[in-house]
Amino acid sequence: MLVRYVLVDFNGECLSAFLRLKETLISVSTMQVPDCELLFEVRCDVSDSTMGVVPGKMKDKKPYAI
């Protein structure tokens, strides 16, 4: 297995973007309790080395992770 390392200049702009992303992901408007009246959906993301899956719902035309 080939492992590559990349140096990243994690400056103030990167930190600000990371903190904004973190706040968005943990906010109430993003994560919700499942509503069994709505259909469930599974969102997938695949790369060369891994696969991620997130269960979710669509409510008021907005996606929510559950």
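The values are calculated or read from the model by the stated rules, or taken from the named source; none is laboratory data. Keep in mind it's a predicted model, so treat the numbers as computed, not measured. Virtual Cβ from ideal backbone geometry, glycine too; neighbours counted across all protein chains shown.
Looking only at residues of segment 31-66 that are under 30 Å from Met1 (Cα atoms) and of a type in the set (Gly, Ala, Ser), we find that the one that is surrounded by the most Cβ atoms within 10 Å (Cβ to Cβ) is Gly52. Restricting attention to segment 1-59, the residues being part of a loop (DSSP other than H, G, I, E, B) and not hydroxyl-bearing (Ser, Thr, Tyr) number 20. The lone criterion from (1) at pLDDT below 80; (2) surrounded by 10 or more Cβ atoms within 10 Å (Cβ to Cβ) left unmet by Val28 is number (2). Residue pairs whose Cβ atoms lie under 9 Å apart, sitting 6 or more positions apart in sequence or on different chains, and linking a residue in segment 4-20 that is closer than 24 Å to Ser49 by Cα to a partner that is modelled with pLDDT under 95 and surrounded by fewer than 10 Cβ atoms within 10 Å (Cβ to Cβ), are Phe18/Phe10. Within segment 21-66, the set of residues being β-branched (Val, Ile, Thr) and in contact (Cβ under 8 Å) with a residue 12 or more places away in the chain comprises Thr30, Val33, Val42, Val54, Ile66.
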